[in-house]
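Quick notes on the structure that follows.
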Amino acid sequence: MKTFRVGDTVTVTDREEAYYSGYAGNPVCFLERGEAGVIGAVKVPKVFRTPGGDYFCCIDFVKNGREWRAGVDYGKIKLVNRAS
């Protein structure tokens, strides 16, 4: 598992759908490769066993003037800037 910290600026290697995207009247929203986000939570345990390990990070990002959050496996995250 890679080491990331809350506050690190990151991007994703694969497109990741945001929480509540397309749900209850929300527009569909994805964090795209190359778009920056900030890690809001690390080592979040998965509820279901899925590929990519037992934990993921939450990445907060702004798109179309709205704040969103996506859960992303560690292997799909690239560091852009380390938090101080």
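Residue pairs whose Cβ atoms lie under 6 Å apart, sitting 6 or more positions apart in sequence or on different chains, and linking a residue in the range 45-57 that is at pLDDT below 80 to a partner that is surrounded by 13 or more Cβ atoms within 10 Å (Cβ to Cβ) and not in a strand (DSSP E or B), are Gly52/Gly75. Here Phe4, Phe48 are screened, and the one residue that is open to solvent by less than 90 Å² (accessible area, probe 1.4 Å) and either among the basic types (Lys, Arg) or not in a strand (DSSP E or B) (or both) is Phe4. Checking Asp60, Asp54, Asp73 one by one, the residue that is under 11 Å from Gly7 (Cα atoms), acidic (Asp, Glu) and in contact with a strand residue (DSSP E or B) (Cβ under 7 Å, 6 or more places away or on another chain) is Asp60 and no other. Could you tell me whether the range 67-81 includes any residue that is in a loop (DSSP other than H, G, I, E, B), open to solvent by 50 Å² or more (accessible area, probe 1.4 Å) and out of contact with any helix residue (DSSP H, G or I) (no Cβ under 8 Å at 6 or more places or on another chain)? No, the range 67-81 contains no residue that is in a loop (DSSP other than H, G, I, E, B), open to solvent by 50 Å² or more (accessible area, probe 1.4 Å) and out of contact with any helix residue (DSSP H, G or I) (no Cβ under 8 Å at 6 or more places or on another chain).
The values are calculated or read from the model by the stated rules, or taken from the named source; none is laboratory data. Predicted model only: the values in this text are computed from it and were never measured. Backbone-built Cβ (ideal geometry, glycine too); neighbour counts: all protein chains shown. Areas reflect the complete protein model, heavy atoms only, side chains present, ligands, DNA and RNA absent. Shrake-Rupley method; radii C 1.70, N 1.55, O 1.52, S 1.80 Å.
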